[in-house]
C-alpha cells in the first residue's frame, strides 16, 4: 500500500503537495472536487463546514500552479496565523497589513515582486487600492482566494465596503480562477456571492453542514451570570468559548468566572494587541481555559478540544451562530452549544440593524435573518433539523438537542397555526408577519383598510392571544418550514407544501412554550413524581390510564394524546374547568376541545373519590 500511495503521488501533483508539504496521506471529503475545478481554471464557491479543511482547497492548487496566489482575509490575526503555519510547512508565504511596520511591509513586497512568495495574504482594504491592484496586475498571479466570503453579502454593504468591491477582481484578472470560501452561507447568501463576485458564473460546491457531535440547547435568559456558572461547573477542567455581545460584558463575565474558581480570560477588540495575543496563546496551549470573548475571537481558531460554546447573548444571525458553535468539538468528541435567549437581546439586535449605515434592502435582509434565528430559538422541532434545513439540508430528528431530549415545554398549536395560514392565504401570500398579525388581531391599520383586509374571514380571528404569542407562532412556523419568507428579502410570507398539508389538517404543529422557569418547575414535578404526594401519584396513574384508553380508541401511541410532562402538570394543577385546563402545559386549542371535558371530569371524579 505505501508503494501504491507513493506511485499515486508521483503521478498526481496535488497529492504530492498534500503529502510532501502538509504531511497528509489523503484529502478530506469535498477537497478534491474544489482543487480540480481550480486547476482546470474554473471559478468556485466552496461552502464547507467549520473544520473541513477549507484552507487546503486553495493552498494546494496555489503550490501546484506556481506563480503567486492572493488570499483575501478579513482579520489580521487570522492572516498572520496562516502565514506562520505555512512558513512552518516550508511554504514561502507573506502578509502585508496594517499591524506590521513599514519596513516589514516593504520587505514583504520585495519578496512578492521578486517572485519568491507563493501565497500573499491581504485584507480587502489593502488589496482594493488602485496602487496595489496596478502593481499586482504586472505579476504572475495564478489564483485568488476570498476567505470568509459570506462577508461579501453580510458585511459588504455595511462597514466592510471593500468586500463588495472585490467584484472588480474578475475584470482585473480575467484569466485567473477565483475561489470564494465560507462555512456559513444559506441559499440567499450563496446566490448573493455568486452574483457579486462571479456574475453568476461559478461552480458551487456545498458540503454537508451537520456536526452531529455537538448538542444544541437553548435556555431562557434569567440570570445570565448564574446560568453561565452552572453550565461551566458541569464541565470542570474543560476548555470552552463564551460569547458576549459587548466588550464590557466580556470583561465582567471573565472576572465573575475567575472569582468563582474558573480559569477564564477575556478577548475583545478594545484590548491591546499584546494582551489579546497573550490570552489567545494561553487558550490555544493550555487545557481547561475558558475564553470569554466578543465575535472578534474565533475566525481561524482551530483548537480541537473545545468542549462547549456558550452564548450569553443572541448572535446576529443563524449563519453567525453556526459558525461560532462550529469551534466546539473539532476532535469529534461530544461537545455542547448552549445559548441564553431573551427579549432584550432581540431589541438590541434590531437597534444594531437599524443603526447600520446600509441600504434599506440590506436592513430588510438582516431583520429577516434575525427573525429566522429567533424562530430557531423558539421552535419546538428538532433544532438540528431546523438548522440544517436553513442551509438547504434535510435531516432526521437528531436525538442530541434539548427539544429531542424533551427539555422544552410544548403545546399543540395546530388550531392557531391554521388561523395564521388562513390569514396568509386570504391576503394573497404577499405580506409580512406584522400585517398578517394585524389581520388576525382585528387591527384596522391604514394598510389593512387600504387593501380591504378588514373584510377577510380571518380578520379578528386571533383575538384570544396577545400579539407576542402570535409572533412566536409565526417564527416557529417559518423555522419549521410551514411558511417560507420572500427570497428577495422584502419580508412577505408564502405557504409551503408542508404548510398546505397543515392547513388541510393532514399534519399537526407543536410549538415551544416560553416564559416558564423550567428548571424550578422540573424539580418540583420530579419531587412530586418521586412519591412525595400520595394523592398526586394516584391521580397521575389515573390520568395515564385514561390517556392509554383514548390512545387505543384512536389507534395512536399514548404520547400523541398528551406527553408525560403534560399529565404531570395536569396532576399538579388539578384544573377544575376548561379555562383552568387550557393553562396546562401542552394543551392547545385543538386538544382543549378534543380532550378537555373528559380529563376535567376524571380529575373531579378522582377528587370526589
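Laboratory data are not the source of any read-out in this text; all were calculated from the coordinates shown. Keep in mind that this is a model prediction, so the values were computed, not measured. Because the Cβ atoms are built from the backbone with ideal geometry, glycine has one as well, and the counts that use them run over all protein chains shown.
For Cα Rg over 2.2 N^0.38 Å, the value calculated from this model appears in (i) 1.45; (ii) 1.10; (iii) 1.01 under label (ii).
Fewest to most neighbouring Cβ within 10 Å: what's the order for 128, 339? Before the final figure, lay out each step's value.
Working: 128 20, 339 24.
The fewest-first ordering by Cβ neighbours comes to 128, 339.
A full extension of the chain between residue 305 and residue 129 corresponds to an added length of 59.4 nm, given 0.36 nm per residue minus the alpha carbon distance.
Computed across segment 381-454, the Kirkwood hydrodynamic radius from all distinct Cα-Cα pairs reaches 14.8 Å.
Compute the long axis of helix 247-259 from its Cα atoms, compare it with the longest principal axis of the Cα atoms of the chain, and write down the angle in degrees, 0 to 90, nearest 10. Computed tilt is about 70 degrees. With the simple spin-label model, which puts each label point 7 Å out from Cα in the Cβ direction, the residue 541 to residue 295 separation comes to 5.6 nm.
The calculated FRET efficiency for residue 549 paired with residue 445, based on their beta-carbon distance and R0 = 56 Å, is about 0.70.
Using the alpha-carbon positions of segment 2-206, Rg (one decimal) and Dmax (whole number) come out as 16.4, 54 Å.
Report the calculated FRET efficiency for residue 496 and residue 225 (r = Cβ-Cβ distance, R0 = 60 Å), to the nearest 0.05.
0.90
The calculated FRET efficiency for residue 430 paired with residue 287, based on their beta-carbon distance and R0 = 60 Å, is about 0.65. Note on segment 410-512: Kirkwood radius taken over Cα pairs, Stokes-Einstein applied at 25 °C and 0.890 mPa s, translational D equal to 183 µm² s⁻¹. Taking N as the residue count of segment 49-136, its C-alpha radius of gyration divided by 2.2 N^0.38 Å amounts to 1.05.
The length gained by stretching the chain between residue 87 and residue 25 to full extension, at 0.36 nm per residue less their Cα-Cα distance, is 20.3 nm. Against the chain, whose longest principal axis comes from its Cα atoms, helix 76-88 is set at around 60 degrees.
For the chain, the longest principal axis of the alpha carbon atoms and the long axis of helix 187-198 meet at an angle near 20°.
How long are the three semi-axes of the equivalent ellipsoid of segment 198-306, in whole Å, if each is the root of 5 times an eigenvalue of the C-alpha gyration tensor, listed from largest down?
On the way: eigenvalues 155, 72, 46 Å².
They are 28, 19, 15 Å, listed largest first.
Counting neighbouring Cβ atoms within 10 Å and putting the fewest first, the residues 352, 209, 459 line up as 352, 459, 209. Per-residue ellipticity at 222 nm computed for the chain from its helices equals -14500 deg cm²/dmol, with DSSP H segments shorter than 4 residues left out and the rest contributing -39,500 (n - 2.57). Subtracting the Cα-Cα distance of residue 573 and residue 165 from 0.36 nm times their residue separation leaves 140.7 nm of extension gain.
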